[in-house]
1. Evaluate the stretch 44-61: report whether one residue or more is part of a loop (DSSP other than H, G, I, E, B), in contact (Cβ under 8 Å) with a residue 12 or more places away in the chain and open to solvent by less than 60 Å² (accessible area, probe 1.4 Å).
2. Just to check your reading of the model, which residue among ASP142, ASP117 is touching a Ser or Thr at 6+ places or on another chain (Cβ under 8 Å), among the charged types (D, E, K, R) and touching a residue at least 12 places away in the same chain (Cβ under 8 Å)?
3. Sort through ASP21, ASP72, ASP29 and tell me the only one that's more than 18 Å from LEU156 (Cα to Cα), modelled with pLDDT of 95 or more, of a type in the set (Asp, Glu) and surrounded by fewer than 15 Cβ atoms within 10 Å (Cβ to Cβ).
4. If ASP142 satisfies all but one of (1) on the phi > 0 side of the Ramachandran plot; (2) crowded, with 18+ Cβ neighbours inside 10 Å, what's the number of the condition it fails?
5. Take the residues in the stretch 95-112 that are open to solvent by 10 Å² or more (accessible area, probe 1.4 Å) and not small (Gly, Ala, Ser); name whichever of them is farthest from HIS168 (Cα to Cα).
6. Kindly check whether there is at least one residue in the stretch 162-173 that is within 27 Å of GLY76 (Cβ to Cβ), of a type outside the set (Gly, Ala, Ser) and without any contact (Cβ under 8 Å) to a residue 12 or more places away in the chain.
Amino acid sequence: MTAPESEPAVQPAPPPSMHDDEALTLLRDGSLEVAGRLVEATNMTLYCSVKLGSRSAACVYKPVRGERPLWDFPDGTLAAREVAAFEVSQATGWRVVPPTVYRDGPFGPGMVQLWIDTEREIDLMRLVKSRNPVVRRMAVFDAVINNADRKGGHLLPLPTGHVYGVDHGVCFSAEDKLRTVLWQWRGKPLAREAVAVLAKLERDIEAGSLGRRLRELLTLAEVEATWQRVRRLLDTGVHPYPSEGWPAIPWPPI
């Protein structure tokens, strides 16, 4: 195992208007009203407002019925994979994924996620190529969840310096499908913080609440493969290299 790197500490930033627990309650129990559709999305992606009492927020709603069939992922599973990604994000403490729930909506059950307003002045291509430690966390997170589609446009930078990631429907395959624009750390030793987080994930997937939750959202084989990926990262101590049997970078990259 390669010795881990040390790097400056970075603190995750909460959503700008509410804490995660408040956001999750609002998303889970609030009334959804569709305002429009994000037409550039591959699957049905609806921009909505959600309201509960005096609280309201914008959100994204992806109903299962609007998912396009894929050759390499079972039909009707993408929304649950998005929620599973959020659960792993919360378990890391890095808050890579905005608050996300699985619930019923105007077009049936699906994923509902808090809308995040981004820092529009940031050059996404420069961010993608940077050595930003917050983005490095996302590279580790993607290796854990086996993200098959990390495009630059899936990064949501905030004015605080925090960076969220979205669109995690094609994750958690039991086969190696990591495809990402964040390869700048390939083969580099993992940061000390990442090693500690991965050790916690390993325990929590194997015998903790995260494992129980993932088994509600994924197949047993997919949960086992997730644990194995965490174990492999800990054993090697380095960021993974691209697979020789799978395209390394999604298209388009942004």
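1. The first filter runs over the stretch 44-61 and keeps only residues part of a loop (DSSP other than H, G, I, E, B), leaving 44-45, 53-54.
Filter once more, keeping what is in contact (Cβ under 8 Å) with a residue 12 or more places away in the chain: 44-45.
Filter once more, keeping what is open to solvent by less than 60 Å² (accessible area, probe 1.4 Å): 44-45.
Yes, the conditions are met somewhere in the stretch 44-61.
2. Working: ASP117 fails: touching a Ser or Thr at 6+ places or on another chain (Cβ under 8 Å).
Of ASP142, ASP117, the one residue that is touching a Ser or Thr at 6+ places or on another chain (Cβ under 8 Å), among the charged types (D, E, K, R) and touching a residue at least 12 places away in the same chain (Cβ under 8 Å) is ASP142.
3. Details: ASP21 fails: modelled with pLDDT of 95 or more; ASP72 fails: modelled with pLDDT of 95 or more.
Residue meeting the stated conditions: ASP29.
4. If we test ASP142 against (1) on the phi > 0 side of the Ramachandran plot; (2) crowded, with 18+ Cβ neighbours inside 10 Å, just (1) comes out false.
5. PRO106
6. Initially, the stretch 162-173 is screened for residues within 27 Å of GLY76 (Cβ to Cβ), giving 164-173.
In the following step, the residues that additionally are of a type outside the set (Gly, Ala, Ser) were identified as 164, 166-168, 170-172.
Imposing the further condition that a residue be without any contact (Cβ under 8 Å) to a residue 12 or more places away in the chain reduces the set to none.
There is no residue in the stretch 162-173 that is within 27 Å of GLY76 (Cβ to Cβ), of a type outside the set (Gly, Ala, Ser) and without any contact (Cβ under 8 Å) to a residue 12 or more places away in the chain.
The values are calculated or read from the model by the stated rules, or taken from the named source; none is laboratory data. All figures in this text were calculated on a predicted structure; none of them were measured in a lab. When we count neighbours, we look across all protein chains shown, and the Cβ atoms used for this are built from the backbone with ideal geometry, even at glycine. Heads up: the accessible areas ignore ligands, DNA and RNA and are worked out on the full protein's heavy atoms, side chains in. Shrake-Rupley method; radii C 1.70, N 1.55, O 1.52, S 1.80 Å.
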